[in-house]
Amino acid sequence: MSTIIDGKAVSLQIKEELKEKIAAIKAEGKRLPCLAVIIVGDNPASRSYVRGKIKAAEFTGMDSRLIELPEDVSEAALLETIAGLNADAGVDGILVQLPLPRHIDESRVIDAIVPEKDVDGFHPVNVANLWLGRKCFVPCTPQGIIHLIESTGERIEGKRAVVVGRSNIVGKPVAKLLLDRNATVTIAHSRTPDLGAVTREADILVAAVGRAGVITGDMVKPGAIVIDVGINRTADGHLTGDVDFASASEVAGWITPVPGGVGPMTIACLMLNTYSAWCAISER
Ligand code: GUN
(Lines give C-alpha, C1' and ligand atoms only; values in the text may rest on other atoms or scores of the structure.)
Protein backbone atom coordinates (compact mmCIF):
# COMPACT_ATOMS: atom_id res chain seq x y z
CA MET A 1 0.00 0.00 0.00
CA SER A 2 1.15 3.52 -0.74
CA THR A 3 1.27 6.66 1.38
CA ILE A 4 -1.28 9.28 0.39
CA ILE A 5 0.13 12.72 -0.38
CA ASP A 6 -2.30 15.08 1.32
CA GLY A 7 -2.66 18.10 -0.97
CA LYS A 8 -5.16 19.69 1.38
CA ALA A 9 -2.66 19.66 4.25
CA VAL A 10 0.29 20.88 2.15
CA SER A 11 -1.80 23.67 0.61
CA LEU A 12 -3.11 24.71 4.02
CA GLN A 13 0.44 25.08 5.30
CA ILE A 14 1.32 27.33 2.33
CA LYS A 15 -1.79 29.45 2.89
CA GLU A 16 -1.15 29.69 6.65
CA GLU A 17 2.39 30.96 5.99
CA LEU A 18 1.04 33.52 3.52
CA LYS A 19 -1.61 34.59 5.99
CA GLU A 20 1.15 35.54 8.45
CA LYS A 21 3.05 37.51 5.79
CA ILE A 22 -0.11 39.36 4.77
CA ALA A 23 -0.97 40.12 8.40
CA ALA A 24 2.50 41.68 8.71
CA ILE A 25 1.89 43.81 5.59
CA LYS A 26 -1.40 44.95 7.10
CA ALA A 27 0.24 45.73 10.45
CA GLU A 28 2.71 47.98 8.62
CA GLY A 29 -0.23 49.85 7.06
CA LYS A 30 0.81 48.97 3.52
CA ARG A 31 -1.47 48.24 0.58
CA LEU A 32 -2.47 44.57 0.58
CA PRO A 33 -1.81 42.16 -2.32
CA CYS A 34 -4.84 41.99 -4.62
CA LEU A 35 -5.94 39.29 -7.05
CA ALA A 36 -8.48 40.08 -9.79
CA VAL A 37 -10.35 37.11 -11.22
CA ILE A 38 -12.41 37.40 -14.38
CA ILE A 39 -15.02 34.79 -15.18
CA VAL A 40 -17.01 34.78 -18.41
CA GLY A 41 -20.36 32.97 -18.48
CA ASP A 42 -21.64 30.45 -15.98
CA ASN A 43 -19.90 27.14 -16.59
CA PRO A 44 -20.53 25.37 -13.24
CA ALA A 45 -17.02 23.86 -13.00
CA SER A 46 -15.39 27.24 -13.74
CA ARG A 47 -17.66 28.94 -11.18
CA SER A 48 -16.65 26.41 -8.56
CA TYR A 49 -12.91 26.86 -9.28
CA VAL A 50 -13.28 30.65 -9.16
CA ARG A 51 -15.13 30.47 -5.84
CA GLY A 52 -12.24 28.42 -4.48
CA LYS A 53 -9.74 31.05 -5.62
CA ILE A 54 -11.64 33.95 -4.07
CA LYS A 55 -12.14 31.99 -0.82
CA ALA A 56 -8.42 31.23 -0.65
CA ALA A 57 -7.60 34.91 -1.14
CA GLU A 58 -9.96 35.77 1.71
CA PHE A 59 -8.36 33.07 3.90
CA THR A 60 -4.89 34.55 3.44
CA GLY A 61 -6.20 38.06 4.09
CA MET A 62 -5.33 39.43 0.67
CA ASP A 63 -7.76 41.52 -1.34
CA SER A 64 -9.60 40.12 -4.30
CA ARG A 65 -11.90 41.33 -7.02
CA LEU A 66 -14.30 39.11 -8.86
CA ILE A 67 -15.34 40.38 -12.28
CA GLU A 68 -18.25 38.44 -13.72
CA LEU A 69 -18.97 38.96 -17.41
CA PRO A 70 -21.87 37.49 -19.39
CA GLU A 71 -21.38 34.54 -21.74
CA ASP A 72 -21.99 36.82 -24.75
CA VAL A 73 -19.53 39.53 -23.74
CA SER A 74 -17.54 40.70 -26.75
CA GLU A 75 -13.83 40.00 -27.00
CA ALA A 76 -13.25 43.77 -27.23
CA ALA A 77 -15.10 44.37 -23.95
CA LEU A 78 -13.10 41.63 -22.22
CA LEU A 79 -9.83 43.08 -23.53
CA GLU A 80 -10.92 46.50 -22.29
CA THR A 81 -11.59 45.06 -18.80
CA ILE A 82 -8.10 43.54 -18.80
CA ALA A 83 -6.57 46.85 -19.93
CA GLY A 84 -8.28 48.55 -16.98
CA LEU A 85 -6.84 46.01 -14.52
CA ASN A 86 -3.38 46.25 -16.14
CA ALA A 87 -3.41 49.99 -15.45
CA ASP A 88 -4.87 49.68 -11.94
CA ALA A 89 -2.12 50.16 -9.33
CA GLY A 90 -4.34 48.45 -6.74
CA VAL A 91 -4.27 45.13 -8.62
CA ASP A 92 -1.24 42.80 -8.45
CA GLY A 93 -2.49 39.66 -10.17
CA ILE A 94 -4.96 39.09 -13.01
CA LEU A 95 -6.48 35.71 -13.81
CA VAL A 96 -8.97 35.01 -16.57
CA GLN A 97 -10.66 31.69 -15.88
CA LEU A 98 -10.41 29.30 -18.83
CA PRO A 99 -11.98 27.97 -20.96
CA LEU A 100 -13.57 31.00 -22.61
CA PRO A 101 -16.63 30.95 -24.89
CA ARG A 102 -15.83 29.97 -28.47
CA HIS A 103 -16.29 33.47 -29.89
CA ILE A 104 -13.34 34.74 -27.84
CA ASP A 105 -9.74 34.10 -28.89
CA GLU A 106 -8.03 32.72 -25.77
CA SER A 107 -4.53 33.57 -26.99
CA ARG A 108 -5.47 37.20 -27.56
CA VAL A 109 -6.84 37.38 -24.02
CA ILE A 110 -3.76 35.78 -22.43
CA ASP A 111 -1.49 38.08 -24.45
CA ALA A 112 -3.43 41.13 -23.22
CA ILE A 113 -2.48 40.63 -19.55
CA VAL A 114 0.76 42.44 -18.70
CA PRO A 115 3.37 39.74 -17.88
CA GLU A 116 4.03 41.38 -14.48
CA LYS A 117 0.44 40.62 -13.41
CA ASP A 118 0.09 37.25 -15.19
CA VAL A 119 -0.13 35.12 -12.03
CA ASP A 120 -1.25 32.10 -14.11
CA GLY A 121 2.11 32.17 -15.91
CA PHE A 122 0.38 31.69 -19.26
CA HIS A 123 1.65 34.81 -21.07
CA PRO A 124 4.25 34.02 -23.78
CA VAL A 125 6.82 36.19 -21.96
CA ASN A 126 6.44 34.09 -18.80
CA VAL A 127 6.45 30.83 -20.80
CA ALA A 128 9.63 31.89 -22.62
CA ASN A 129 11.30 32.95 -19.38
CA LEU A 130 10.39 29.61 -17.76
CA TRP A 131 12.07 27.70 -20.60
CA LEU A 132 15.07 30.03 -20.56
CA GLY A 133 15.51 29.47 -16.83
CA ARG A 134 14.83 33.12 -16.04
CA LYS A 135 12.67 34.69 -13.34
CA CYS A 136 8.99 34.30 -14.21
CA PHE A 137 5.57 33.37 -12.91
CA VAL A 138 5.58 29.59 -12.76
CA PRO A 139 2.14 28.15 -13.70
CA CYS A 140 0.21 27.18 -10.58
CA THR A 141 -0.58 23.49 -11.15
CA PRO A 142 2.98 22.51 -12.15
CA GLN A 143 4.35 24.51 -9.21
CA GLY A 144 1.90 22.72 -6.89
CA ILE A 145 2.99 19.33 -8.25
CA ILE A 146 6.63 20.08 -7.39
CA HIS A 147 5.61 21.08 -3.83
CA LEU A 148 3.73 17.77 -3.49
CA ILE A 149 6.69 15.71 -4.74
CA GLU A 150 9.01 17.60 -2.38
CA SER A 151 6.61 16.99 0.52
CA THR A 152 7.44 13.25 0.31
CA GLY A 153 11.03 14.02 1.31
CA GLU A 154 12.28 12.11 -1.75
CA ARG A 155 14.93 13.72 -3.96
CA ILE A 156 13.93 14.62 -7.52
CA GLU A 157 17.53 14.74 -8.77
CA GLY A 158 18.57 11.64 -10.67
CA LYS A 159 15.05 10.20 -10.80
CA ARG A 160 13.29 9.10 -13.98
CA ALA A 161 10.17 11.22 -14.38
CA VAL A 162 7.42 10.50 -16.87
CA VAL A 163 4.80 13.14 -17.58
CA VAL A 164 1.75 11.81 -19.42
CA GLY A 165 0.15 14.78 -21.20
CA ARG A 166 1.62 17.69 -23.11
CA SER A 167 -0.70 20.63 -22.41
CA ASN A 168 0.62 24.15 -22.13
CA ILE A 169 -0.96 24.48 -18.68
CA VAL A 170 0.43 21.31 -17.05
CA GLY A 171 2.38 18.74 -19.10
CA LYS A 172 4.97 20.94 -20.76
CA PRO A 173 5.71 23.26 -17.80
CA VAL A 174 5.87 20.45 -15.19
CA ALA A 175 8.34 18.61 -17.43
CA LYS A 176 10.54 21.73 -17.46
CA LEU A 177 10.33 22.10 -13.66
CA LEU A 178 11.36 18.45 -13.21
CA LEU A 179 14.21 18.94 -15.68
CA ASP A 180 15.35 22.01 -13.70
CA ARG A 181 15.61 19.72 -10.66
CA ASN A 182 17.79 17.25 -12.58
CA ALA A 183 15.24 14.51 -13.18
CA THR A 184 15.53 12.61 -16.45
CA VAL A 185 12.24 13.52 -18.05
CA THR A 186 10.07 11.84 -20.66
CA ILE A 187 6.88 13.41 -21.98
CA ALA A 188 4.39 10.77 -23.10
CA HIS A 189 0.94 11.40 -24.57
CA SER A 190 -2.13 9.90 -26.19
CA ARG A 191 -0.14 8.79 -29.26
CA THR A 192 2.68 7.11 -27.29
CA PRO A 193 2.80 3.42 -28.28
CA ASP A 194 2.85 0.98 -25.36
CA LEU A 195 2.32 3.72 -22.78
CA GLY A 196 2.64 1.19 -19.93
CA ALA A 197 6.20 0.31 -20.94
CA VAL A 198 7.10 4.00 -20.64
CA THR A 199 5.23 4.70 -17.37
CA ARG A 200 6.69 1.58 -15.70
CA GLU A 201 10.12 3.26 -15.98
CA ALA A 202 8.94 6.22 -13.91
CA ASP A 203 10.16 6.87 -10.36
CA ILE A 204 7.95 9.96 -10.61
CA LEU A 205 4.78 9.63 -12.68
CA VAL A 206 2.65 12.69 -13.43
CA ALA A 207 -0.69 11.89 -15.07
CA ALA A 208 -2.20 14.91 -16.82
CA VAL A 209 -4.18 13.38 -19.65
CA GLY A 210 -7.75 14.42 -18.84
CA ARG A 211 -9.19 10.89 -19.20
CA ALA A 212 -10.50 8.95 -16.23
CA GLY A 213 -8.50 5.96 -15.03
CA VAL A 214 -6.07 5.66 -17.96
CA ILE A 215 -3.17 4.91 -15.62
CA THR A 216 -3.75 1.54 -13.97
CA GLY A 217 -1.70 -0.27 -11.33
CA ASP A 218 0.07 -2.47 -13.89
CA MET A 219 1.49 0.71 -15.49
CA VAL A 220 3.10 1.91 -12.24
CA LYS A 221 6.65 1.11 -11.07
CA PRO A 222 6.63 -0.33 -7.54
CA GLY A 223 7.43 2.44 -5.04
CA ALA A 224 6.88 5.29 -7.54
CA ILE A 225 5.57 8.75 -6.66
CA VAL A 226 2.29 9.08 -8.57
CA ILE A 227 0.77 12.53 -9.08
CA ASP A 228 -2.74 12.57 -10.49
CA VAL A 229 -3.67 15.87 -12.14
CA GLY A 230 -6.94 14.62 -13.64
CA ILE A 231 -10.27 16.08 -12.57
CA ASN A 232 -12.86 14.03 -14.45
CA ARG A 233 -16.52 13.91 -13.58
CA THR A 234 -18.14 10.46 -13.58
CA ALA A 235 -21.70 9.82 -14.83
CA ASP A 236 -22.94 9.97 -11.22
CA GLY A 237 -21.28 13.36 -10.66
CA HIS A 238 -18.24 12.25 -8.66
CA LEU A 239 -14.73 13.55 -9.32
CA THR A 240 -12.15 11.01 -10.40
CA GLY A 241 -8.56 11.25 -11.56
CA ASP A 242 -6.56 10.04 -14.55
CA VAL A 243 -5.15 7.32 -12.30
CA ASP A 244 -7.13 4.26 -11.26
CA PHE A 245 -6.55 4.87 -7.56
CA ALA A 246 -7.57 1.39 -6.33
CA SER A 247 -5.03 -0.52 -8.42
CA ALA A 248 -2.28 2.15 -8.54
CA SER A 249 -2.24 2.65 -4.76
CA GLU A 250 -1.40 -1.08 -4.38
CA VAL A 251 1.85 -0.50 -6.28
CA ALA A 252 2.95 3.12 -5.79
CA GLY A 253 5.08 4.37 -2.91
CA TRP A 254 3.19 7.67 -2.76
CA ILE A 255 0.03 8.76 -4.51
CA THR A 256 -2.19 11.84 -4.62
CA PRO A 257 -5.96 11.45 -4.21
CA VAL A 258 -8.63 13.13 -6.36
CA PRO A 259 -10.07 15.31 -4.96
CA GLY A 260 -7.67 16.58 -2.27
CA GLY A 261 -4.37 16.20 -4.14
CA VAL A 262 -3.25 18.58 -6.88
CA GLY A 263 -6.43 20.73 -6.94
CA PRO A 264 -5.89 22.59 -3.63
CA MET A 265 -2.21 23.08 -4.52
CA THR A 266 -3.09 24.96 -7.72
CA ILE A 267 -5.01 27.48 -5.65
CA ALA A 268 -2.31 27.79 -2.97
CA CYS A 269 0.30 28.47 -5.67
CA LEU A 270 -1.94 31.12 -7.21
CA MET A 271 -1.84 32.85 -3.82
CA LEU A 272 1.98 32.52 -3.77
CA ASN A 273 2.21 34.04 -7.26
CA THR A 274 -0.08 36.93 -6.30
CA TYR A 275 2.08 37.62 -3.24
CA SER A 276 5.20 37.53 -5.48
CA ALA A 277 3.54 39.98 -7.87
CA TRP A 278 2.85 42.30 -4.94
CA CYS A 279 6.46 41.99 -3.73
CA ALA A 280 7.81 42.82 -7.21
CA ILE A 281 5.53 45.86 -7.53
CA SER A 282 6.32 47.02 -3.98
CA GLU A 283 10.07 46.74 -4.56
CA ARG A 284 9.99 48.89 -7.67
N1 GUN B 1 -8.88 26.52 -16.10
C2 GUN B 1 -8.40 25.33 -15.67
N3 GUN B 1 -7.22 25.49 -15.02
C4 GUN B 1 -6.96 26.81 -15.04
C5 GUN B 1 -5.89 27.59 -14.53
O6 GUN B 1 -4.92 27.11 -13.93
N7 GUN B 1 -5.99 28.93 -14.77
C8 GUN B 1 -7.02 29.48 -15.45
N9 GUN B 1 -7.00 30.80 -15.63
N10 GUN B 1 -8.01 28.78 -15.94
C11 GUN B 1 -7.98 27.46 -15.73
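The values are calculated or read from the model by the stated rules, or taken from the named source; none is laboratory data. Since the structure is predicted, the reported quantities are computational estimates derived from the model, not experimental observations. Note: ideal-geometry Cβ built from the backbone for every residue, glycine included; neighbour counts use all protein chains shown. For accessibility, only protein heavy atoms count, side chains too; no ligands or nucleic acids. Shrake-Rupley method; radii C 1.70, N 1.55, O 1.52, S 1.80 Å.
Structure summary
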{"item": "Relative contact order of segment 1-73, defined on C-alpha pairs under 8 angstrom at six or more residues apart (%)", "result": "37 percent"}
{"item": "Nearest-10 value in Å² for the accessible area of Glu116, using the 1.4 Å probe", "result": "100 Å²"}
{"item": "Protein-only accessible surface order, largest first, of Tyr49, Tyr275 at 1.4 Å", "result": "Tyr49, Tyr275"}
{"item": "Largest-first ordering by accessible area, 1.4 Å probe, given options His123, His189, His238", "result": "His238, His189, His123"}
{"item": "Surface share of carbon and sulfur [accessible, 1.4 angstrom probe, percent] for the chain", "result": "53 percent"}
{"item": "Lysine pair count for segment 128-284 [Cα-Cα under 21 Å; pairs on different chains or 8 or more apart]", "result": "5"}
{"item": "Surface per residue (accessible, 1.4 Å probe) for segment 177-284, Å²", "result": "43 Å²"}
{"item": "Taking segment 127-284 and dividing mean pair separation by its residue count, relative contact order in percent (alpha carbons under 8 Å, at least six apart)", "result": "21 percent"}
{"item": "Charge dipole (debye, nearest 20) of segment 1-99; +1 at Cβ of Lys and Arg, -1 at Cβ of Asp and Glu", "result": "440 debye"}
{"item": "Relative contact order (percent, whole number), the chain, Cα cutoff 8 Å, 6+ residue spacing", "result": "22 percent"}
{"item": "Net length gained if the chain between Ala76 and Leu239 were fully extended (0.36 nm per residue, minus Cα distance)", "result": "55.2 nm"}
{"item": "q = 0.12, 0.18, 0.19 Å⁻¹: log10 I(q)/I(0) that the Debye formula gives for segment 1-140, counting C-alpha atoms only", "result": "-0.56, -1.14, -1.23"}
{"item": "Equivalent ellipsoid semi-axes - Cα gyration tensor, segment 173-284, angstrom", "result": "28, 19, 12"}
{"item": "Stretch gain in nm, segment Glu283-His189, where the contour uses 0.36 nm per residue and the Cα spacing is subtracted", "result": "29.7 nm"}
{"item": "Extreme residue, positive dipole direction of segment 26-83, given options Thr81, Pro44, Cys34 (C-beta unit charges)", "result": "Cys34"}
{"item": "Under 13 Å, Cβ to Cβ, from Arg65 - net charge with Lys/Arg +1 and Asp/Glu -1", "result": "-3"}
{"item": "Proximal aspartates and glutamates relative to Lys55, as straight alpha-carbon distance under 20 Å, when same-chain residues fewer than 8 apart are discounted", "result": "Asp6, Glu16, Glu17, Glu20, Asp42, Asp63, Glu68, Asp92, Asp118, Asp120"}
{"item": "For segment 1-111: accessible area per residue (Å², 1.4 Å)", "result": "53 Å²"}
{"item": "Label-point separation in nm, Ser151 to Ser167, each point 7 Å along Cα→Cβ", "result": "2.0 nm"}
{"item": "Gained length - Ser107 relative to Ala128, 0.36 nm times residue gap less alpha-carbon distance", "result": "6.1 nm"}
